[in-house]
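Read the structure below first, then the notes.
The values are calculated or read from the model by the stated rules, or taken from the named source; none is laboratory data. Remember, it's a predicted structure, so these values are computed and weren't measured experimentally. Positions of Cβ are backbone-derived with ideal geometry, glycine not excepted, and every protein chain shown enters the neighbour counts. The protein model used for the area step is the full one, side chains on, heavy atoms only, and it has no ligands, DNA or RNA in it. Shrake-Rupley method; radii C 1.70, N 1.55, O 1.52, S 1.80 Å.
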Amino acid sequence: MHKLTLIILIIILLAASPLYAILFLPGVGGKPSKADRADYAKRAANYDGKKFHNEKETSVMTKTESADPNTASTKDSKPKEQLPALKPAFLENPSKDDFTLTWFGHSSLLIQFDGKNILIDPVLSKKLSPVSWIGVNRFTPSPVTVEDLPQIDILLISHDHYDHLDYKVMKKLRKLSGKVKKIIVPLGVECHLRKWKFDMTKVENMAWWEETEIDGLKIACTPAQHFSGRWVTGGSRTLWASWVFSNGTRQFFYNGDSGFNDHYERIHAQYGDFDFALMECGQYNTRWSQIHSFPEQGADAMKILGAKLAMPIHWGAFVLAPHAWDDPIRRFVRHAEETELKIITPKIGETVDLTSEDLTAWQEKWWEGIE
């Protein structure tokens with residue numbers, strides 16, 4: 001076979017392979033440049049010039065047994081029917097005093113706070129994947145499309161895993177001119193947005209303990225114990241984080257993804273008690289217990305933060321761990337009740353008025369009647 005013909009054949013075979021798709025399709029995102037890496041090294045103590053690290057030595061996978069004896073449910077990992085999903089009741093013109101939340105499943109939320117629409121980790125697609133032909137399916141279709149969302153003042157991405165950064169959603173947001181005013185990301189995640197042709201003047205990247213202010217709203221990037229990556233190799237080239245939002249009157253906390261450690265004490269020491277906090281409760285396994293929290297640990301973290309009200313998230317949308325689909329929420333609620341942590345558990349798509357004195361309408365254990 002002629003050498004040139006052989007080379008062309010190899011290229012064609014690579015282009016048709018799943019490996020090529022995972023490594024080179026746009027949805028995988030970009031990688032930091034040499035200049036990017038030099039910038040990260042100046043700003044982040046947990047960056048070694050190539051990768052980010054947790055504050056304490058952490059293993060993504062451990063050798064412990066995967067079985068978790070502390071179960072609260074024996075249901076399947078996926079519900080046998082679609083979960084209830086309501087039509088959101090977004091405020092048309094949120095004021096400085098308004099404080100509402102709408103959960104889209106997993107860790108995707110729209111929070112109307114300080115007169116702003118804040119969109120967090122929007123994953124609205126049917127599958128978690130950089131390609132359409134493979135991936136993890138949602139239990140229930142998203143209650144909204146990108147077009148249904150109001151104009152977004154702040155889009156926050158906590159880290160670049162596929163269940164927090166949805167390429168299809170980001171692509172649609174980019175195409176809707178003026179839909180998003182400002183994008184906040186941890187160091188390195190901006191490289192994905194650059195590859196996806198976003199207006200980079202709207203994008204601000206942050207290291208742990210850095211703060212920014214947007215029209216009087218303070219946003220702080222705070223530590224988490226996790227990892228990152230959208231590639232087959234070369235993980236942790238971008239940062240992961242938790243987040244603090246404060247307008248001087250109220251403040252709330254978003255956990256992102258994190259194992260349980262003492263960073264919660266330091267966040268509380270820096271920012272004090274929180275009016276509201278969002279905490280992961282699902283997708284756990286003893287094999288990755290250092291980079292995800294068990295539900296009881298999540299509830300304890302909210303107590304450490306002095307949260308007056310908390311909401312468990314990171315559940316109710318995808319099978320990403322070998323536990324019953326409702327085990328996370330059952331365990332979180334059980335432990336919250338035992339420790340007197342006040343929580344809300346709204347349905348997917350349900351809009352919550354967090355300023356209401358009576359929150360009982362959003363504390364229903366609605367999952368109990370679903371197999």
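Taking Arg287, is it under 25 Å from Ser77 (Cβ atoms), modelled with pLDDT of 95 or more, surrounded by 17 or more Cβ atoms within 10 Å (Cβ to Cβ) and among the charged types (D, E, K, R)? It is false that Arg287 is under 25 Å from Ser77 (Cβ atoms), modelled with pLDDT of 95 or more, surrounded by 17 or more Cβ atoms within 10 Å (Cβ to Cβ) and among the charged types (D, E, K, R).
No other residue among Gly29, Gly49 is in contact with a His (Cβ under 9 Å, 6 or more places away or on another chain) and either modelled with pLDDT under 95 or closer than 20 Å to Ser228 by Cα (or both) apart from Gly29. Filtering the range 237-252 to residues that are open to solvent by 40 Å² or more (accessible area, probe 1.4 Å) and among the β-branched types (Val, Ile, Thr) leaves only Thr249. When the range 151-172 is filtered for residues that are part of a loop (DSSP other than H, G, I, E, B), under 23 Å from Asp215 (Cα atoms) and within 18 Å of the chain's Cα centre (by Cα), the ones remaining, listed by number, are Ile157, Ser158. Taking (1) touching a helix residue (DSSP H, G or I) at 6+ places or on another chain (Cβ under 6 Å); (2) open to solvent by less than 10 Å² (accessible area, probe 1.4 Å) in turn, Met206 satisfies each apart from (1).
Okay, residues lined up against (1) within 15 Å of Pro295 (Cβ to Cβ); (2) within 19 Å of the chain's Cα centre (by Cα); (3) not aromatic (Phe, Trp, Tyr):
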residue	(1), (2), (3)
His314	yes, yes, yes
Phe318	no, yes, no
Trp325	yes, yes, no
Thr339	yes, no, yes
Gly349	no, yes, yes
Leu354	no, no, yes
Glu357	no, no, yes
Ala361	no, no, yes
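Inspection of the range 173-196 finds no residue satisfying the criterion of being open to solvent by 20 Å² or more (accessible area, probe 1.4 Å), of a type in the set (S, T, N, Q), without any contact (Cβ under 8 Å) to a residue 40 or more places away in the chain and not in a loop (DSSP other than H, G, I, E, B). For beta carbons closer than 8 Å, sequence separation of 6+ or different chains, a first residue in the range 205-227 that is under 19 Å from Asn46 (Cβ atoms) and charged (D, E, K, R) and a second that is in a strand (DSSP E or B) and open to solvent by 40 Å² or more (accessible area, probe 1.4 Å), the qualifying pairs are Glu211/Lys218. Summed over the range 209-236, residues that are open to solvent by less than 10 Å² (accessible area, probe 1.4 Å), among the β-branched types (Val, Ile, Thr) and under 25 Å from Tyr167 (Cβ atoms) total 1. On the stretch given as the range 325-365, residues that are among the aromatic types (Phe, Trp, Tyr) and either more than 15 Å from Cys281 (Cβ to Cβ) or without any contact (Cβ under 8 Å) to a residue 12 or more places away in the chain (or both) total 1. If you go through the range 258-282 and keep only what is open to solvent by less than 10 Å² (accessible area, probe 1.4 Å), of a type outside the set (Gly, Ala, Ser) and outside any helix (DSSP H, G or I), you end up with Phe274, Phe276, Leu278, Met279, Glu280, Cys281.
If only one of Glu350, Glu337, Glu280 is of a type in the set (Asp, Glu), over 23 Å from Leu128 (Cα atoms) and out of contact with any Cys (no Cβ under 7 Å at 6 or more places or on another chain), which one is it?
Unique residue meeting the criteria: Glu337.
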